[in-house]
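Asker: Mind looking over this structure? Questions follow.
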């Protein structure tokens, strides 16, 4: 028997330790998703532009980021970016780890969202591009008005799936001391001497959230398939 004891857990513990960490994990996921999609879409357009001056740097960036473990990138940003940089951000001196995590995740996830968006753009029939050009649209107008709206719709399930993976990966910011969901459970477990239970509870919370989101994505994917 492991002798697990959860009697120490109550709402006050959750409110004091866990909710703040959960809030940051969700915020980090949302900011990294939005920023990653925007930056990733730009990278995808650069790679598809046919101009080596744009495609080359974008390809190097995407392949480079995708070839390095996320935890190493987190540590690099945290250790190499001067501490003085964070003083220009609101309360940056006290939240250096959190700001570093946000910057890292946006930069890192952009490489993955870029590949998703590139596949989505390439899935649009070339005939629609030719039709837009025949109507007098330039490259930017064709992408903004014709290609990207359809690409986003096609890629919604994949984008959401990547977001779920991103939420799981937020636990890696524990390496730089950022106060995320895992950190909240860890602190509570250490104070009450129940570290094993704290890690088990954290795993359960991650599982419940990710399972619920995965179920939602499957339902959305089925609905999109019906619309098509």
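A short reminder: the numbers here are calculations on the coordinates, not readings from a lab. Quick caveat, the model's predicted, so the values are computed rather than measured. Neighbour counts are summed over all protein chains in view; Cβ atoms, including those assigned to glycine, are modelled from backbone coordinates with ideal geometry.
Asker: Just the projected area, averaged over all directions, of the convex hull on the alpha carbon atoms of segment 168-227: how many nm²?
Answerer: The orientation-averaged projected area of the Cα hull of segment 168-227 comes to 4.7 nm².
Asker: Can you figure out the FRET efficiency of residue 128 with residue 59, using R₀ = 22 Å and their beta-carbon distance, to the nearest 0.05?
Answerer: Given R0 = 22 Å and the Cβ-Cβ separation, E is 0.30.
Asker: In addition: How long is the gain from residue 150 to residue 66 if the chain were fully straight, where each residue apart is worth 0.36 nm and the alpha carbon distance is subtracted?
Answerer: Here the answer is 27.7 nm.
Asker: Further question on the same structure: Enter the per residue convex hull volume of the chain, computed from alpha-carbon coordinates, in Å³ rounded to the nearest integer.
Answerer: 165 Å³
Asker: Another question, then. For a footprinting-style exposure proxy, rank 52, 123, 25 by other Cβ within 10 Å, fewest first.
Answerer: Ascending number of Cβ neighbours within 10 Å: 52, 123, 25.
Asker: With everything on Cα atoms, drop me the angle between helix 96-122 and the longest principal axis of the chain, reported from 0 to 90° to the nearest 10.
Answerer: With rounding to tens, the tilt is 40 degrees.
Asker: Could you give the nm distance between label points at residue 195 and residue 79, where each point is 7 Å from its Cα heading toward the beta carbon?
Answerer: Inter-label distance under the simple model: 2.3 nm.
Asker: GNM, the chain, Cα, under 10 Å: largest mean-square fluctuation among 106, 81, 18?
Answerer: The residue with the greatest mean-square fluctuation here is 81.
Asker: Grab the DSSP H runs of the chain that are 4 residues or longer, score each as -39,500 (n - 2.57), total them, divide by all residues and round the 222 nm result to the nearest 500 deg cm²/dmol.
Answerer: So the helix-based figure for the chain works out to -24000 deg cm²/dmol.
Asker: Given labels modelled 7 Å from the Cα in the Cβ direction, how far is it in nm from residue 12 to residue 26?
Answerer: 2.4 nm
Asker: With the convex hull built on the Cα atoms of segment 97-228, state its orientation-averaged projected area in nm².
Answerer: Over every viewing direction, the Cα hull of segment 97-228 projects on average to 10.0 nm².
Asker: Nearest 10 degrees, 0 to 90: what angle lies between the long axis of helix 70-80 and the longest principal axis of the chain (Cα atoms)?
Answerer: 80 degrees
Asker: Angle between the Cα long axis of helix 19-48 and the longest principal axis of the chain, 0 to 90 degrees, nearest 10?
Answerer: Computed tilt is about 20 degrees.
Asker: What residue among 37, 74, 209 has the largest mean-square fluctuation in a Gaussian network model of the chain, using Cα springs under 10 Å?
Answerer: Fluctuation is largest for 209.
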